[in-house]
Amino acid sequence: MSANTGILQSEKLTEYILETSVFPREPKILKELRDATASHPWGFMGTAPDAGQLMALLLKLLNAKKTIEAGVFTGYSLLLTALSIPDDGKPSNEGTFDFAFVDADKRNYWNYHERLVKRVKIGGLIIYDNTLWGGTVSWSEEDVPAPKRGVRQSTLTFNKAIASDSRIEISVASVGDGFTICRRAH
Ligand SMILES: C[S@@+](CC[C@H](N)C(=O)[O-])C[C@H]1O[C@@H](n2cnc3c(N)ncnc32)[C@H](O)[C@@H]1O
């Protein structure tokens with residue numbers, strides 16, 4: 001079983017969701033990429049399949065055509081995006097976008113946000129991955145392993161800032177390692 005416990009912090013519940021609702025519907029080519037990524041020493045960095053399933057649904061709801069991604073790694077989230085947009089859609093890094101996905105340098109999430117919020121169309125979405133940082137955002141600092149403290153601190157600062165950004169509407173979804181979904185309001 002592949003499930004890392006994700007933000008639910010329950011191996012059984014994570015496995016239940018993955019086995020019942022996610023893996024049976026996962027496109028074969030995405031499964032192959034996920035399996036190949038699992039043998040990579042940093043395979044844990046790939047976007048979680050339950051979070052990916054939500055992202056695919058949002059891409060389709062939005063009928064997103066122009067998308068951008070920051071932080072690609074083996075490309076699970078990028079391939080999923082390509083499979084979820086219409087044939088005339090295109091991942092790109094130029095112009096304006098219907099949809100942006102950020103899973104890169106966690107310490108720079110606010111800098112990505114300041115740039116993207118101007119380039120995502122009104123009504124478009126920006127999703128930030130790992131915004132619950134393994135659940136450590138709710139822990140006392142002394143309980144957090146030292147190597148995780150720096151990014152935890154950046155994440156706490158980012159989460160506060162984004163919660164009070166009036167340019168967007170947000171929802172924090174407890175999938176994968178935490179997805180903050182932002183809709184550009186104006
Ligand atoms: C968590 S992984 C992304 C996983 C990806 N969503 C997937 O499903 O394969 C983060 C990636 O961001 C890249 N990265 C880190 N800092 C970056 C930066 N400043 N600019 C661009 N990419 C960066 C890392 O090299 C890594 O490939």
Residue in the range 61-72 that is within 14 Å of the ligand (Cβ to nearest atom) and part of a helix (DSSP H, G or I) present: no
Cross-chain or 6+ apart pairs with Cβ under 6 Å, the range 63-90 first and at positive phi and among the small types (Gly, Ala, Ser), then within 8 Å of the ligand (Cβ to nearest atom) and at pLDDT 95 or above: Gly71/Asp103; Gly71/Ala104
Subset of the range 23-60 (residues that are buried (at least 17 other Cβ atoms within 10 Å of the Cβ), near the ligand (Cβ under 8 Å from one of its atoms) and more than 19 Å from Leu116 (Cβ to Cβ)): Thr37, Gly46, Gly52
Breaking point among (1) more than 13 Å from the ligand (Cβ to nearest atom); (2) touching an Asp or Glu at 6+ places or on another chain (Cβ under 7 Å), for Thr81: (1)
Looking only at the range 30-72, and only at residues there that are β-branched (Val, Ile, Thr) and touching a helix residue (DSSP H, G or I) at 6+ places or on another chain (Cβ under 7 Å), the one that is farthest from Gly95 (Cα to Cα): Thr37
Residues (in a helix (DSSP H, G or I), within 11 Å of the ligand (Cβ to nearest atom) and in contact (Cβ under 8 Å) with a residue 40 or more places away in the chain) located in the range 110-140: Tyr112
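Mind listing whichever residues of the range 5-22 are surrounded by fewer than 14 Cβ atoms within 10 Å (Cβ to Cβ) and part of a loop (DSSP other than H, G, I, E, B)? Steps first, please.
Pass one, the range 5-22, residues surrounded by fewer than 14 Cβ atoms within 10 Å (Cβ to Cβ): 9-13, 16, 19-21.
Residues satisfying the conditions are Gln9, Ser10.
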So Lys160, is it in a strand (DSSP E or B), on the phi < 0 side of the Ramachandran plot, more than 12 Å from the ligand (Cβ to nearest atom) and not small (Gly, Ala, Ser): no
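The values are calculated or read from the model by the stated rules, or taken from the named source; none is laboratory data. All of these numbers come straight from a predicted model, not from anything done at the bench. Positions of Cβ are backbone-derived with ideal geometry, glycine not excepted, and every protein chain shown enters the neighbour counts.
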